[in-house]
Amino acid sequence: MIDVQNDVMAHAHQRDTVIANIAALVTRARSEGTPVIWVQHSDDDMVQGSDAWQYVPELTRHETEPLVHKTYGDSFEGTDLEDVLAAAAVGRLIVTGAETDACIRSTIHGAFTRGYDVTLVGDAHTTNDQSAWGAPPPEQVIAYTNLYWRSHRAPGRTAAVTDAESIAFPN
């Protein structure tokens, strides 16, 4: 779960629906014994410990669940994420969070190039409207990311997109 923080989600496209989908996935993952890993971004605008930096109140991390702090878009860069995944014997990532056109995109590519199978949850990631700066509207950014990730290929790895309700956790 990437960057579902107050500041990032304040004006995110379909905020409440995305958070509800993530919350349902977290509940299912926990009940099935699948590790839930929290990734939390900080920078000059989102200072660690500030209200903006906190995860949204609808999601509560259990103390036993790893928390990865990052300062780059790719959740692997400059973090201990690979160590956390190795310790949990994780080879397939199920990715949710924000923002689609930044940290989500960077992380799914970063994971894939590091050899992980990556499933993007198509209805559990979102972004803010960057169209004032020339980007497409959020719904198009999300739809395009889902479209191209479905077709992503590399030897020995799988990329997939599925909706939250259809996610199958490993036994």
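Derivation of every value follows stated rules applied to the coordinates shown; laboratory data play no part. Owing to the predicted nature of the structure, the values given are computational and were not obtained by experimental measurement. Note: ideal-geometry Cβ built from the backbone for every residue, glycine included; neighbour counts use all protein chains shown.
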### Query
How much length is gained if the chain between His62 and Phe169 is pulled fully straight, taking 0.36 nm per residue apart and subtracting their Cα-Cα distance, in nm to one decimal?
36.6 nm
### Message
In whole Hz and in residue order, list the ³J(HN,Hα) couplings for segment 50-63 that follow from phi through the Karplus curve 6.51 cos²θ - 1.76 cosθ + 1.60, θ = phi - 60°; x for Gly and Pro.
### Response
6, 4, 4, 6, 5, 5, 4, x, 5, 10, 10, 7, 7, 4
### Task
Would you mind checking segment 1-42 for residues with the amide N under 18 Å from a putative spin-label position 7 Å along Cα→C-beta of Gln140?
13-14
### Query
How long is the gain from Ser151 to Gln54 if the chain were fully straight, where each residue apart is worth 0.36 nm and the alpha carbon distance is subtracted?
31.5 nm
#### Entry: Given charges at Cβ of Lys, Arg, Asp, Glu: segment 1-112 dipole, positive-most of Ser31, Thr60, Ala111
Ser31
### Task
Could you go through segment 139-151 in sequence order and give the Karplus-derived ³J(HN,Hα) for each residue, using 6.51 cos²θ - 1.76 cosθ + 1.60 with θ = phi - 60°, rounded to whole Hz, and x for Gly and Pro?
4, 6, 4, 5, 4, 5, 4, 4, 4, 6, 5, 4, 9
### Query
Which value, in debye to the nearest 20, gives the size of the charge dipole of the chain about its Cα centre, when Lys and Arg are +1 and Asp and Glu are -1 at the Cβ?
720 debye
### Task
Using a cut-off of 14 Å between beta-carbons, work out the net charge of the residues near Asp101 (Lys and Arg +1, Asp and Glu -1, Asp101 not included).
-4
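When a/c reaches 1.5 or more, the comparison of a/b and b/c decides; with that in mind, is the chain rounded, prolate or oblate per its Cα gyration tensor?
Since a/c stays below 1.5, the shape of the chain is classed as rounded.
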### Task
Could you please state, rounded to a whole Å, how far the C-alpha centre of segment 65-110 is from the C-alpha centre of segment 132-158?
17 Å
### Task
Kindly list the residues of segment 58-76 that lie in the label zone of Asp43, defined by a backbone N under 14 Å from the point 7 Å along the Cα-to-C-beta vector.
70-75
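I need the shape label for segment 1-90. Rule: rounded when a/c is under 1.5, else prolate if a/b > b/c, else oblate, with a, b, c from the alpha carbon gyration tensor. Intermediate values should be presented prior to the final figure.
On the way: a/c = 1.97, a/b = 1.11, b/c = 1.77.
Oblate is the answer for segment 1-90, as a/c is 1.5 or above yet b/c matches or exceeds a/b.
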#### Entry: Sum of -39500 (n - 2.57) over DSSP H runs of 4+, divided by residues of the chain (222 nm, nearest 500)
-8500 deg cm²/dmol
## Note on the structure
Per its Cα gyration tensor (rounded if a/c is under 1.5, else prolate when a/b beats b/c, else oblate), segment 1-41 is best filed as oblate
## Note on the structure
Long-range amide H partners of Val161, meaning residues 5 or more apart or on another chain whose placed amide H is closer than 5 Å, are Leu120
